[in-house]
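Below is one structure, written out as structure tokens, with a few remarks after it.
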Amino acid sequence: PFLGSDNWSPPDLLKVAAKDAEGSFYSAHYQPDRRNEITGAFVISYKKRFGDAVPDDVAALTYDSFGLLVEARNYIACEEAADRRPLDSLTRLMMTCEATRMTARLAYIMSWLMVRKAVFAGEITAEEACGSERRLDGHETCLAEGFAHGSDFPPRFADLLEESRRLYLRVSRRG
């Protein structure tokens, strides 16, 4: 038996491995049959749009990614300026740097998701998607500690930074 990661989650992999995979385990960040409010709402919404197909982990990552993208955009457009005003100039500068890091994380994630979409649509092969130019990039920038620890960032901004970091880590385990 083997212990695997999220990369074992495509159903075809276990079909191809057949008996060689018996007794093996893998962990995943998403389980469509998990009973909680968020996963349940996502699965229902997905099935309404795509029929009885069960959403896979890439669909869940796409859902989470676009949700966070909208949240971050709304925060920056509507709340950030007011949150920034009372801060000292050094904290405002650090906030600008971290907003750039959050934007980079989301951009790299979106790029990775577009490659997955191209595979799904048959525009490129799974093998082509594994090429270095199509893999998730930006690890050095996106996973650096930055200024977030011990800072006086507004709570919502700090939450968005942490959510983008966790999402980037989830995607990095996939690709």
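The values are calculated or read from the model by the stated rules, or taken from the named source; none is laboratory data. Keep in mind that this is a model prediction, so the values were computed, not measured. FYI the Cβ positions are ideal-geometry reconstructions off the backbone, even for glycines, and counts take in every protein chain you see. For the accessible areas, the whole protein counts, side chains as well, though only heavy atoms, and no ligand, DNA or RNA atoms are used. Shrake-Rupley method; radii C 1.70, N 1.55, O 1.52, S 1.80 Å.
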| request: Express the accessible area of the range 73-175 per residue in Å², computed with a 1.4 Å probe while the remaining protein chains stay in the model. | output: 59 Å²
| field | Mean separation of Cα contacts under 8 Å (6+ apart) over length of the range 19-158, as relative contact order % | value | 22 percent
| query | Does the range 37-169 come out rounded, prolate or oblate by the C-alpha gyration tensor, with a ≥ b ≥ c the root eigenvalues, rounded set by a/c under 1.5 and, if not, prolate when a/b is larger than b/c and oblate if not? | reply | oblate
| Ordering Ser172, Ser45 from largest to smallest accessible area (1.4 angstrom probe), what's the sequence? | Ser45, Ser172
| request: Using 0.36 nm per residue of separation minus the Cα-Cα distance, give me the extension gain between Ala121 and Glu145 in nm, one decimal. | output: 5.0 nm
| note | So, over other residues within a Cβ distance under 13 Å of Ala82, counting Lys, Arg +1 and Asp, Glu -1, the net charge is +1
| note | Once both label points are put 7 Å beyond Cα along the C-beta direction, the Arg34-Glu22 separation in nm becomes 3.0 nm
| query | Counting only protein heavy atoms and using a 1.4 Å probe, what share of the accessible area of the range 89-175 belongs to carbon plus sulfur, as a whole percent? | reply | 55 percent
| said: Rolling a 1.4 angstrom probe over the protein chains, ignoring ligands and nucleic acids, what is the accessible area of Cys130 in square angstrom, nearest 10? | reply: 80 Å²
| request: Starting from the Cα gyration tensor of the range 75-148, take the square roots of the eigenvalues, sort them a ≥ b ≥ c, and report rounded, prolate or oblate (rounded when a/c is under 1.5, otherwise prolate if a/b is larger than b/c, else oblate). | output: oblate
| message | Let me check I've understood the local charge: for Leu93, count other residues with C-beta under 15 angstrom from its C-beta, Lys and Arg +1, Asp and Glu -1. What total comes out? | response | -1
| query | Short version: ³J(HN,Hα) in whole Hz for each residue of the range 153-159, in order, from phi by Karplus 6.51 cos²θ - 1.76 cosθ + 1.60 (θ = phi - 60°), x for Gly and Pro, what are they? | reply | 5, x, x, 5, 5, 4, 4
| message | Probe radius 1.4 Å, ligands and nucleic acids left out: which of Leu167, Leu69 has the largest accessible area, and how do the rest follow? | response | Leu69, Leu167
